[in-house]
Amino acid sequence: MKLKPRPRYLDLLLAAQGNGMIKVVTGMRRCGKSTLLELFAQHLLETGTPTDHILQYKLESYEFAGYSVDQLHNSILERMPKAGHWYLLIDEVQLIDGWERVINAIRVDHDADIIVTGSNAHLLSGQLATLLSGRAMAIRMYPLSFREFMDYTGITDRTEAFERYIRYGGLPPVVDQGANQALASTVLSGIYDTVLVRDVATHLQIRNPMALNDVARYLASTSGSPVSITNIENRLKSAHRPTSSLTIERYIQGLLDAYLFHRAQRRDLRGGQILQGLSKYYPADPGIRNMLLGFSDSDYGFALENLVHNELLAAGFHVTVGRTDRTEIDFIAERIQPDMSKRTLYVQVSASLMDTATREREMKPFRSLPAQEGERIIITLDTIGLGRTEEGVDVVNALDWLTTQAYR
């Protein structure tokens with residue numbers, strides 16, 4: 001199958017080529033990390049790098065089943081003499097215990113560009129952080145954004161693309177099923193089950209996978225709402241699966257570490273400090289959310305909020321939820337721009353603002369902000385009533401916002 005381009009991430013790798021840093025690409029399983037390594041290798045070949053100077057290891061392959069850390073090290077040494085410049089690309093590197101020592105040894109002993117991928121947030125912690133302090137850089141990869149989805153599929157009708165994207169999401173193996181709903185659903189379920197079993201349950205040595213699945217479904221059903229650990233505990237108890245609050249917190253952290261969900265913490269709009277508890281959790285992909293909730297067509301508002309949150313993350317923003325005693329702003333998004341200036345967005349999301357009361361409710365939180373602070377945006381599916389209000393709030397159509405280059 002011909003490789004589909006992922007220019008956002010390939011450009012990041014190319015910009016870091018030869019910088020002496022180990023590149024660590026992380027992201028949820030099947031979001032495109034393996035393809036990114038293939039695209040990078042293809043670029044190297046097209047620009048004159050000899051084939052034997054590109055060492056690729058796909059550790060999920062049966063060829064490497066049961067491989068030890070010593071076998072990995074010896075294999076690399078056999079293919080990589082001391083002289084010359086080399087490219088070492090290792091996919092799903094966490095599958096071999098002790099891989100950090102191998103990577104550090106190659107970094108010390110050879111002239112090599114090293115890129116590794118993994119499906120767990122622990123990749124950049126522990127021994128790797130100790131061995132490679134200041135010598136590794138992270139590249140976070142996400143499922144296809146809406147704009148990437150349109151480019152990937154070649155769909156030019158934005159409405160058609162949105163209907164498919166918000167239902168089945170942007171994981172490339174799912175997108176590759178085209179409009180075949182049965183196949184898309186089957187592939188989604190398979191990815192979810194693999195992440196739950198291999199990247200969460202096995203890693204955390206969970207004995208009660210049904211309770212873990214219940215926690216994931218609860219987080220998906222409450223995306224856009226503050227989550228109380230006590231409420232989850234009570235729900236599991238009523239389902240005759242009693243689970244302690246500490247265990248539930250451990251399950252949630254496991255889902256976050258596997259990149260199946262993202263957490264948006266609350267921030268005090270007045271003081272700026274992060275507030276403890278009652279964070280919001282968003283599935284990392286619209287398809288995963290719908291698979292967990294049964295592909296309902298009745299909650300476009302929450303689905304759109306989830307989508308906007310994920311788009312902001314993929315565009316490099318740090319995202320929190322703004323709170324005061326009486327009001328809330330859906331998202332505060334902050335990013336350092338290429339010129340080192342700071343960009344701040346205050347974002348409200350509403351499926352429609354046609355109702356006067358709804359429009360007033362979405363506008364009200366902006367009035368608690370300092371007059372000159374940040375950009376104010378309301379994102380809606382409406383196609384009328386758009387533009388800048390007298391209060392300096394930009395009301396924008398969601399499809400316009402999702403396809404603009406301003407946030408990329």
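The values are calculated or read from the model by the stated rules, or taken from the named source; none is laboratory data. Worth saying up front: this structure is predicted, and the values here are computed from it rather than measured. Using ideal geometry, Cβ is built from the backbone for each residue, glycine included, and neighbour counts are taken over all protein chains shown. For the accessible areas, the whole protein counts, side chains as well, though only heavy atoms, and no ligand, DNA or RNA atoms are used. Shrake-Rupley method; radii C 1.70, N 1.55, O 1.52, S 1.80 Å.
See the values below:
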{"quantity": "Options Val200, Val195, Val227; residue that is of a type in the set (Val, Ile, Thr) and touching a Gly at 6+ places or on another chain (Cβ under 6 Å)", "calculated": "Val200"}
{"quantity": "Residue identified as under 16 Å from Leu219 (Cβ atoms) and open to solvent by 40 Å² or more (accessible area, probe 1.4 Å) among Leu293, Leu275", "calculated": "Leu293"}
{"quantity": "Residues located in segment 46-60, provided they are open to solvent by less than 90 Å² (accessible area, probe 1.4 Å) and part of a helix (DSSP H, G or I)", "calculated": "His53"}
{"quantity": "Flag if Leu3 is open to solvent by 80 Å² or more (accessible area, probe 1.4 Å) and within 27 Å of Ser145 (Cα to Cα)", "calculated": "no"}
{"quantity": "Out of Asp113, Asp151, sole residue that is open to solvent by 20 Å² or more (accessible area, probe 1.4 Å) and acidic (Asp, Glu)", "calculated": "Asp151"}
{"quantity": "Any hit, segment 332-348, residues being closer than 24 Å to Tyr300 by Cβ and without any contact (Cβ under 8 Å) to a residue 12 or more places away in the chain", "calculated": "no"}
{"quantity": "Search result, residues across segment 169-185 that are modelled with pLDDT of 95 or more and not in a loop (DSSP other than H, G, I, E, B)", "calculated": "Pro172, Pro173, Val174, Val175"}
{"quantity": "Lone qualifier among Tyr259, Tyr300 - being open to solvent by 10 Å² or more (accessible area, probe 1.4 Å), in contact (Cβ under 8 Å) with a residue 40 or more places away in the chain, under 23 Å from Glu328 (Cα atoms) and of a type in the set (Phe, Trp, Tyr)", "calculated": "Tyr300"}
{"quantity": "Every residue from segment 349-358 that is under 18 Å from Val308 (Cβ atoms) and either part of a strand (DSSP E or B) or free of Cβ contacts under 8 Å to residues at least 24 places away in the same chain (or both)", "calculated": "Val349, Thr358"}
{"quantity": "Complete set of residues in segment 353-388 that are exposed (fewer than 15 other Cβ atoms within 10 Å of the Cβ), within 17 Å of Glu328 (Cα to Cα) and under 29 Å from the mean Cα position of the chain (by Cα)", "calculated": "Glu373, Glu375"}
{"quantity": "Selection count, segment 223-244, where residues are under 26 Å from the mean Cα position of the chain (by Cα), open to solvent by less than 60 Å² (accessible area, probe 1.4 Å) and not β-branched (Val, Ile, Thr)", "calculated": "4"}
